[in-house]
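**Student:** Provided herewith is a single structure, encoded as structure tokens, for subsequent inquiry.
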Amino acid sequence: MIEELFSLKNKVALITGGTHGIGMAIGTTLGKAGARICVNDISEERLDQCKNEYADLGIDVFTLKFDVTDEMDVDKGISTIEKEVGEIDILVNNAGIIKRIPILDMAISDYKQVIDVDLVAPLIVTKRVAPSMIKKREGKIINMCSMMSVYGRNSVSAYASAKGGLKLLTANMCCEWAKYNLQINGIGPGYIATSQTAPIREGGHPFNDLVMTRTPAGRWGEPEDVGNAALFLASKASDFVNGQVLYVDGGILANFGYVKGENEIPE
Ligand code: NAP
Ligand code: GCO
């Protein structure tokens with residue numbers, strides 16, 4: 001039955017940084033597919049706020065504050081989830097930060113902080129969660145990559161370094177764990193309308209024009225666009241997809257660019 005293929009009934013899903021933006025869209029979509037949703041964040045306030053927002057969507061989430069970069073905090077957090085909810089079947093390493101600083105202006109501490117959250121933390125959380133998946137011979141891991149896993153751009157060197165590394169960490173997790181029936185894939189969103197991109201999307205920022213021109217779909221992505229892709233990678237439908245990055249980008253990575261007005265099909 002096609003519904004069974006995408007059903008997450010009786011599955012426990014953890015979304016790191018899942019209190020808003022892309023993480024919340026993923027939590028909502030997986031929740032609607034039947035998963036028991038656990039949401040992590042570094043801010044207690046955001047966790048409290050998101051509980052009501054999820055509840056308004058009919059999803060009762062289990063929230064837990066821990067810093068994904070802190071191994072002890074992660075171990076404590078995952079142990080609590082395993083005790084209170086159950087072992088994790090679906091892990092979405094979504095938590096992330098970005099610092100937009102030109103290389104020569106960037107402090108090494110800034111670079112290291114982005115690497116810690118966007119690359120080392122997915123390894124910390126996954127190393128804590130994967131053993132129980134391996135024991136069960138079943139598990140889904142989704143690492144939140146980016147089109148910056150394959151592209152650079154001015155001022156995001158730390159972020160692109162992390163997301164590029166996460167693409168290959170995903171491939172290596174696949175190499176080591178696919179034989180235990182774990183599927184480990186990445187999602188590479190293009191430009192999505194969230195608080196993370198608000199500074200380069202709002203207030204007439206010229207970057208908005210660039211995204212609108214370079215994206216064949218002619219729009220910013222919505223967090224739900226990413227949530228839908230996460231449902232595929234969290235479900236049985238993707239059981240033979242492994243080590244890949246699924247780009248959810250409106251075609252931007254397929255597009256070198258075009259001259260405005262060229263090849264327009266008249267209305
Ligand atoms: P966002 O709105 O900034 O959300 C990121 C979440 O991660 C926030 O809830 C944040 O918590 C949390 N977080 C940060 N550091 C953390 C830590 N140490 N421990 C636990 N949680 C932490 O970003 P978004 O746009 O939804 O993006 C979500 C993911 O998609 C990120 O990995 C991002 O790199 C990636 N992505 C985004 C886009 C895009 O266009 N938006 C495109 C490609 C990839 P606080 O807010 O409380 O600090
Ligand atoms: C930026 C944006 C991007 C997006 C995303 C694109 O400053 O270029 O924030 O990095 O967040 O990663 O895929």
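**Student:** How about the stretch 39-109: which GluC sites (Glu not before Pro) there lie in a loop by DSSP and see at most 10 other Cβ atoms within 10 Å? Intermediate results must be reported in sequence, preceding the final value.
**Tutor:** Working: sites: 44, 45, 53, 71, 82, 84, 87; in loops: 87.
Those that pass, being in a loop and sparsely packed, number zero.
**Student:** Identify all aspartates and glutamates with a Cα-Cα distance to residue 260 below 13 Å; exclude those on the same chain that are fewer than 8 residues away in sequence.
**Tutor:** List returned: 209.
**Student:** Right, here's the next one. May I ask you to give the average projected area over all directions of the convex hull of the Cα atoms of the chain, in nm² rounded to one decimal? Present the calculation step by step, with values, prior to reporting the outcome.
**Tutor:** Numbers: hull surface 65.0 nm².
Mean projected area of the Cα convex hull: 16.3 nm².
**Student:** Might you report the magnitude of the Cβ-based charge dipole of the stretch 81-177 about its Cα centre, with Lys and Arg at +1 and Asp and Glu at -1, to the nearest 20 debye? Don't skip to the end; give the middle numbers.
**Tutor:** Numbers: 13 positive and 10 negative charges, 32 e Å.
Its charge dipole is roughly 160 debye.
**Student:** Also, quick follow-up: Three principal axis extents, largest first, for the C-alpha atoms of the stretch 1-79, in Å?
**Tutor:** Here the Cα extents, ordered largest to smallest, are 42, 25, 18 Å.
**Student:** Roughly how many debye, to the nearest 20, is the charge dipole of the chain about its Cα centre, given +1 on each Lys and Arg Cβ, -1 on each Asp and Glu Cβ, and no other charges? Mind showing how you got there, number by number?
**Tutor:** On the way: 27 positive and 34 negative charges, 144 e Å.
Computed charge dipole of the chain: roughly 700 debye.
**Student:** Here's another thing I want to ask about it. Distance cut-off 23 Å, Cα to Cα: go down the list 11/167; 65/135; 83/163; 11/236 and report the pairs above it. Show your work: numbers first, answer last.
**Tutor:** Values: 11/167 25 Å; 65/135 26 Å; 83/163 32 Å; 11/236 12 Å.
Over 23 Å Cα-Cα: 11/167; 65/135; 83/163.
**Student:** In percent, what relative contact order does the stretch 93-242 have, based on Cα pairs under 8 Å that are 6 or more apart in sequence?
**Tutor:** Details: 193 pairs, mean separation 36.2, N = 150.
The value is 24 percent.
**Student:** Hydropathy at least -1.0 by Kyte-Doolittle, axial extent at least 15 angstrom from the Cα trace: which helices of the chain, defined as entire DSSP H runs, fit? Can you show the working numbers first?
**Tutor:** Numbers: long enough: 21-32 (17 Å, 0.80); 44-56 (19 Å, -2.01); 71-84 (19 Å, -0.86); 121-136 (23 Å, 0.36); 157-177 (30 Å, 0.26); 223-234 (16 Å, 0.62).
Answer set is 21-32, 71-84, 121-136, 157-177, 223-234.
**Student:** Further question on the same structure: Any chance you could list the semi-axes, whole Å, largest first, of the equivalent ellipsoid that the Cα gyration tensor gives for the stretch 176-232, using √(5λ)?
**Tutor:** Working: eigenvalues 192, 24, 20 Å².
Semi-axis lengths for the stretch 176-232 are 31, 11, 10 Å.
**Student:** Sticking with this one: Would you mind pulling out the separation of the Cα centroids of the stretch 20-73 and the stretch 131-146, in Å?
**Tutor:** 18 Å
**Student:** Now for a separate question. When only Cα pairs under 8 Å and 6 or more residues apart are kept, what is the percent relative contact order across the stretch 160-267? Intermediate values should be presented prior to the final figure.
**Tutor:** Numbers: 123 pairs, mean separation 38.7, N = 108.
Relative contact order here is 36 percent.
**Student:** Take the chain, mark every one of the chymotrypsin sites (Phe, Trp or Tyr not before Pro) that falls in a DSSP loop and has at most 12 other Cβ within 10 Å, then report the longest stretch left between them, sites excluded. Don't jump to the answer; show the numbers that get you there.
**Tutor:** On the way: sites that count: 240, 256, 258.
After excluding every exposed loop site, the longest remaining stretch is 1-239.
**Student:** For the stretch 6-61, run through the trypsin sites (Lys or Arg not before Pro) and keep only the ones in DSSP coil with at most 10 other Cβ atoms within 10 Å of their Cβ.
**Tutor:** Numbers: sites: 9, 11, 32, 36, 46, 51; in loops: 9, 11.
Taking the stretch 6-61 and a limit of 10 other Cβ atoms within 10 Å, the loop trypsin sites (Lys or Arg not before Pro) found are 9.
Every number here is computed from the coordinates shown, using simple stated rules; none is lab data. Quick caveat: nothing in here was measured; it's all calculated off a predicted structure. Using ideal geometry, Cβ is built from the backbone for each residue, glycine included, and neighbour counts are taken over all protein chains shown.
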